[in-house]
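Notes follow once the structure below has been shown.
No value in this document is a laboratory result; all are computed from the given coordinates. Predicted model, so just to flag it, every value in this text is computed and none were measured. In this analysis, Cβ positions are derived from the backbone assuming ideal geometry, glycine residues included, and neighbour counts consider all displayed protein chains.
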Amino acid sequence: MVYPDNPLADPPPLDPERHSAFCERVRDPDTRFVVSLGSGAMLALASSLSILSFLDELGLDNHVDTVWSSSAGAIAAALWCSGTPVERVMTMLRGLRRRDLVDVAWGHIFKGLFTRKWDLDVADGLINGRKLLGRVGRLLRVERVEDCRTPLRILLAHDDGTARLKIVSEGNLIDAVRCSVAMQALMRPGRFEGERYVDPTMLEKTPLPSVIAEHHAEHPGKKLLILAAFHGYHGQRKPIKGLMSRLFFFKEVLQYQVFLAHLAQAARYDDVEVVVYSPCIHDVDTLAVEQADWIFAEVRRQILVRLDDRFLDADIHESDPDVWVPNWCPERLLGDRSKEREEY
């Protein structure tokens, strides 16, 4: 099965009948439906919110067994699973500026300068992360992970020299999110239940192996359907500029290879189906909070096609074996849409 020549030229409004095959699989009583939201800074945050909103529109929110998440995906997952409406989160994002996302850890930087303990203070992280997480915390409707209306898993990585993964299913919710977004060398490590943790995405950018392992351990005999959202710099056309964008770009080049290995591993299980949704969005800056509405809308446009009955089982490698995006990438088909971005 192949994709249409130009499916997004005039995207239709949401019609549940066009997604009946996906809905039927989700509602199958013998299947557990899991949503896996990966990392990717503002692109991942706005995209994840759009995906969750799409599931709400289809009436599938009550059929989500568990949401797994890491880094920016954990922010969206924590808010949605706690019961915060997506529109409230988008309203919060509209009120942000880039400077609200970067609260520099000047105290630790100056301490490192004066004591020359670069490896202990300055190199520990340049950003505190308090501003954004403070706003997120005020929107959360529960304080603990286990109290979420939809079961939630948040991935962390131990910051003790072992790089072991930790799967959080209970405990303080905002602390777990803070640890999951603590990108190494950029944001200072977080603390969860007395231990230090950092961003886990070099191990599982979009959770897959951990999801499958828990399923087989706790739900033998049931099928597993995973909607996995992978966010990356697909088709980057401009030179990468700026410290943060470079860090994210080269990190994600490696993460992409790891993700492909995880997909190959998942394909070996007869009881596991992974539907990958990787929005094709070009040239979005790491902290592009001003583009959140445009990203949200574009992701919704693309997911209408990705989960359409006609293309749900399409092999997206048919068009480009090297990039995990289908041939209907709107930037290729519809030309430059910079004017549309400005309208948002």
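A few comments on the model shown:
- Residues listed by number, segment 130-148, amide nitrogen under 20 Å from Asn62 label point at 7 Å toward C-beta: 148
- Net charge, Asp175 excluded, C-beta distance under 9 Å - Lys, Arg +1, Asp, Glu -1: +1
- Between Asp309 and Arg149, the distance separating the two model label sites (each 7 Å from Cα on the Cα→Cβ line) works out to 3.0 nm.
- The modelled label-to-label distance for the pair Asp30/Ala213, using points 7 Å beyond Cα in the direction of Cβ, is 2.8 nm.
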